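The structure appears right after this line, and notes come after that.
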Amino acid sequence: MVDVSVVFVNYNTCKLTCEAIQSVYDFTKNIKIEIILVDNNSIDNSIKTISEKFPEVKIIESKKNLGFGKGNNEGMKIAKGKYFFLLNTDTYLLNNAIEILFNYMENKKHGNVSICGAKLHKTDLSHNVSAGNFPSYKLFVKGSFLKYFYSKSFYSNIKRRDIPYESVNSFEVDYVSGADFFVRKSIIDEVGGFDKHFFMYGEDVELSFRIKQRFPEMASMIVPDAKIVHISQGSSKTKSLSKKFRYRFIKSRAIYYKLTEGIIPSYLYFIISIKRLYISN
């Protein structure tokens with residue numbers, strides 16, 4: 001039996017993907033894993049290179065770029081593990097993180113944990129974003145002119161919850177970053193995978209929210225003993241790329257609000273956020 005199915009989604013990141021896969025093999029001990037690579041129609045010779053370097057990796061060749069969520073869904077369809085570990089191609093392990101997460105979930109005391117993740121680092125080993133709070137339309141209203149159109153009671157008591165990233169003990173969060181998403185197969189079988197409306201960004205948040213709605217007694221946790229580097233959030237971006245990223249983020253957040261709050265909050269969020277992006281700046 002496979003303990004953990006590690007799923008990568010690759011799109012023209014051959015070198016990074018090879019390094020990520022190698023780190024999994026270098027550090028993972030004492031448990032049985034399989035690695036599944038979904039290639040989103042790369043043109044950088046990824047499939048040939050990876051299949052030659054890692055012949056044991058199961059490769060799914062997509063004829064088009066499915067995006068992050070739908071790519072992972074394809075990988076999970078063939079995964080045989082008791083747990084799925086959805087790992088970004090721009091990550092690499094710093095220790096036996098997969099076994100640490102596996103043992104954490106196998107502990108009977110943690111039977112109420114649906115998802116967990118490692119403590120993520122930047123390449124300089126400083127803190128990187130590992131998790132977050134569910135987006136709050138009420139908080140968005142509180143920070144925009146929309147607050148003048150709502151009763152103050154609608155948003156006045158809403159606050160962001162601090163995330164104790166410096167904790168050496170495991171701690172609960174609303175959602176675990178999709179960069180290292182360790183989830184029970186039984187949970188995915190029950191609620192399904194990532195929502196098809198997302199292309200990139202926000203699908204991890206929505207899936208975590210859906211799992212919490214279906215299983216309110218279950219928790220998402222960060223396990224600091226497991227350590228992984230996530231490169232992208234530590235890298236610099238040009239102004240144009242930053243604006244492109246922010247547009248994609250806004251679009252995905254609007255989809256999230258549509259699925260969780262309804263079409264009106266989604267529309268208002270999108271219009272105001274786009275105005276801020278293209279007019280206010």
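Data table
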{"read-out": "Sole exception among (1) over 16 Å from the mean Cα position of the chain (by Cα); (2) part of a loop (DSSP other than H, G, I, E, B); (3) at pLDDT 90 or above; (4) within 24 Å of residue 210 (Cβ to Cβ) for residue 158, by number", "value": "(3)"}
{"read-out": "Meets criteria (part of a helix (DSSP H, G or I), touching a Phe, Trp or Tyr at 6+ places or on another chain (Cβ under 6 Å), charged (D, E, K, R) and open to solvent by 70 Å² or more (accessible area, probe 1.4 Å)) for residue 138", "value": "yes"}
{"read-out": "Residue that is least open to solvent (accessible area, probe 1.4 Å), among those in the stretch 112-124 that are touching a helix residue (DSSP H, G or I) at 6+ places or on another chain (Cβ under 9 Å) and part of a loop (DSSP other than H, G, I, E, B)", "value": "122"}
{"read-out": "The stretch 265-280 residues that are within 12 Å of residue 247 (Cα to Cα), paired with ones that are hydroxyl-bearing (Ser, Thr, Tyr) and buried (at least 18 other Cβ atoms within 10 Å of the Cβ) (beta carbon under 9 Å, 6 or more apart)", "value": "270/257"}
{"read-out": "All positions within the stretch 16-38 that are hydroxyl-bearing (Ser, Thr, Tyr) and closer than 13 Å to residue 87 by Cα", "value": "17, 23"}
{"read-out": "Where residue 148 falls short, out of the listed (1) open to solvent by 40 Å² or more (accessible area, probe 1.4 Å); (2) among the hydroxyl-bearing types (Ser, Thr, Tyr); (3) farther than 30 Å from residue 78 by Cα; (4) part of a loop (DSSP other than H, G, I, E, B)", "value": "(4)"}
{"read-out": "Subset tally (residues that are within 16 Å of the chain's Cα centre (by Cα) and either open to solvent by less than 40 Å² (accessible area, probe 1.4 Å) or of a type outside the set (Ser, Thr, Tyr) (or both)) for the stretch 188-225", "value": "26"}
{"read-out": "Which listed residue is more than 26 Å from residue 271 (Cα to Cα) and under 20 Å from the mean Cα position of the chain (by Cα), from 133, 128, 169", "value": "128"}
{"read-out": "Scan of the stretch 160-187 for residues that are more than 22 Å from residue 217 (Cα to Cα) and surrounded by fewer than 18 Cβ atoms within 10 Å (Cβ to Cβ), ordered by number", "value": "165, 166, 167, 168"}
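The values are calculated or read from the model by the stated rules, or taken from the named source; none is laboratory data. Everything quoted here is computed from the prediction, not taken from an experiment. As a convention, Cβ positions derive from the backbone with ideal geometry for all residues, glycine included, and neighbour counts pool all protein chains shown. To get the accessible areas, we keep the full protein, side chains included, count just its heavy atoms, and leave off ligands, DNA and RNA. Shrake-Rupley method; radii C 1.70, N 1.55, O 1.52, S 1.80 Å.
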